[in-house]
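A short worksheet on the structure shown next.
The values are calculated or read from the model by the stated rules, or taken from the named source; none is laboratory data. Source: prediction; values computed, not measured. Here the Cβ positions follow ideal geometry from the backbone for every residue, glycine too, while neighbour counts run over all protein chains shown. Quick note on the areas: whole protein, heavy atoms, side chains included, nothing else; ligands and nucleic acids left out. Shrake-Rupley method; radii C 1.70, N 1.55, O 1.52, S 1.80 Å.
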Amino acid sequence: MYDELPEEWVQLRDVVRRFTDEVIEPRAAEIEATNEVPADILRQAGELGLFGLSIPEQYGGFGESELASCVALETLSRGPGGVTFLIAPSAPAAAIRFAGTEAQRSKFLPRLAKGEAFSAFCLSEATAGSDAAGIKTRAIRRNGKWVVNGSKLWISRASKAEIFLVSAVTDPDKRGAGGITVFLGEKRPGIVVGKPDRQMGGRGSGSAEVSFQDCEFSDDEALGPGGAGSGVLKFILGRARLWAAARAVGVQQRCMEVVLEHIDTREQFGKKLGDFQAVKMKLADMTADLYTSRLLLHRSAALFDLGRDPAQEVAIAKLFATEAASRAADAAIQLHGAMGVSQEFVVERLYRDSRAYRILDGTSDIQRLMIASAVQRNGIGQAMAPGGIL
């Protein structure tokens, strides 16, 4: 754990903050209206190296520190939520880093680190969201190739992606461990991307349905040994939940900022809103939530950096921070009154963005089940140690 962030991470945070406030935020209304992040914003992000979070330096990234990535991501998440799914640590990059061969890493990671290509990890299905092992997409052997058929939903960056990872059942007799393989390759015949989803929040994320129709992959395009997909999914979801918590911390931070400004300038009954005791109570709760969320986030990230598997800490961080973000956004709207529900004010967007974080990469209910099951299985002491959830 770090009592203070290293100076280079502080500098990274400050760069991201300026970029968010001066470049992204002034274009927020445009992003919301068009459901698209402008190309010049992505180009500037690439020039700053912000696509290289959680990618090793040898492949052109910032390095593998999850804490550094979370510091950058929570700062970026003060702006429009959809941007953070494009300019942020990505599940595909993490999967390639974890399970890819040297040839796969050398081919794909430098392009991802520079923002020269976008990638999409195709996991969720109509009947398999929280139950990642329950996917129906199949890959069968035909003429020396793996032929994939199936449909994936809510796939971030899909509408922009040139690189695709897809999880598919390769051994239907095994559910989960040993029966799933993740394939990695560039866009090709048989990959059909639908029109961009129009979601409540996260506008501009490039989310879309992706169908695989007799799509062929070779053996050397498998990510890890055949049937090892469950291990890849566990690795990815652990990081993705961490990053969801980071996004939630960013929302809380921004809510606090706009609330403090509002209650210091808005007057009712002859005095500032911030002088009312009821308002102070809301502010105190928001402060405690933000403080706790950031501690949980940074501790979980630091444990990853120590080489541990802090699944219990990540589940707790994801649960608490995402629920706290919704509380913060709701309180911010309440304190703004009628202005809070107007699309002219940022708190309305923060409310919509924050709602998805309690669902993606494992719902709040799934996190509760994981946390409780670990306590029941291992006892309080063991369940609270790194790796408490197996």
Every pair of residues 6+ apart whose Cβ atoms lie under 9 Å, when the first sits in segment 33-57 and is farther than 25 Å from ILE96 by Cα while the second is at pLDDT 95 or above and open to solvent by 70 Å² or more (accessible area, probe 1.4 Å):
GLU36/GLU30; PRO38/GLU30
Consider only pairs whose beta carbons are under 8 Å apart and that are at least six residues apart or on different chains; among these, list those whose first residue lies in segment 65-81 and is on the phi > 0 side of the Ramachandran plot and in a loop (DSSP other than H, G, I, E, B) and whose second residue is open to solvent by 10 Å² or more (accessible area, probe 1.4 Å) and of a type outside the set (Phe, Trp, Tyr).
none
For the subset of segment 36-55 comprising residues that are open to solvent by less than 10 Å² (accessible area, probe 1.4 Å) and assigned to a loop (DSSP other than H, G, I, E, B), which member is nearest to GLY79 (Cα to Cα)?
VAL37
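With the structure loaded, tell me whether VAL258 is aliphatic (A, V, I, L, M), under 28 Å from ALA103 (Cα atoms) and in a helix (DSSP H, G or I) or whether it fails that test. Step through it out loud before you land on a result.
Numbers: aliphatic (A, V, I, L, M): yes; under 28 Å from ALA103 (Cα atoms): no; in a helix (DSSP H, G or I): yes.
Judged against the criteria, VAL258 is not a match.
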Can you spot a residue in segment 255-277 that is under 18 Å from GLY201 (Cα atoms) and open to solvent by less than 10 Å² (accessible area, probe 1.4 Å)?
yes
Enumeration of residues in segment 89-134 that are open to solvent by less than 10 Å² (accessible area, probe 1.4 Å), in a loop (DSSP other than H, G, I, E, B) and under 23 Å from ALA325 (Cβ atoms)
PRO89
What is the one condition in (1) crowded, with 20+ Cβ neighbours inside 10 Å; (2) part of a loop (DSSP other than H, G, I, E, B) that MET286 does not satisfy?
(2)
How about segment 304-315: which of its residues are in contact with a helix residue (DSSP H, G or I) (Cβ under 6 Å, 6 or more places away or on another chain) and either open to solvent by 50 Å² or more (accessible area, probe 1.4 Å) or under 24 Å from GLU4 (Cβ atoms) (or both)?
PHE304, ASP305, PRO310, GLU313, VAL314
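Determine if segment 178-194 includes at least one residue that is basic (Lys, Arg) and part of a helix (DSSP H, G or I). Lay out the reasoning, then the answer.
Step one: filter segment 178-194 for residues basic (Lys, Arg), giving 187-188.
Remaining after also requiring part of a helix (DSSP H, G or I): none.
No - not one qualifying residue is present in segment 178-194.
I need the full set of residues from segment 354-384 which are among the hydroxyl-bearing types (Ser, Thr, Tyr) and not in a helix (DSSP H, G or I), in order please. Steps first, please.
Taking segment 354-384 first, the residues among the hydroxyl-bearing types (Ser, Thr, Tyr) are 354, 357, 363-364, 373.
Scanning segment 354-384 gives a single hit, THR363.
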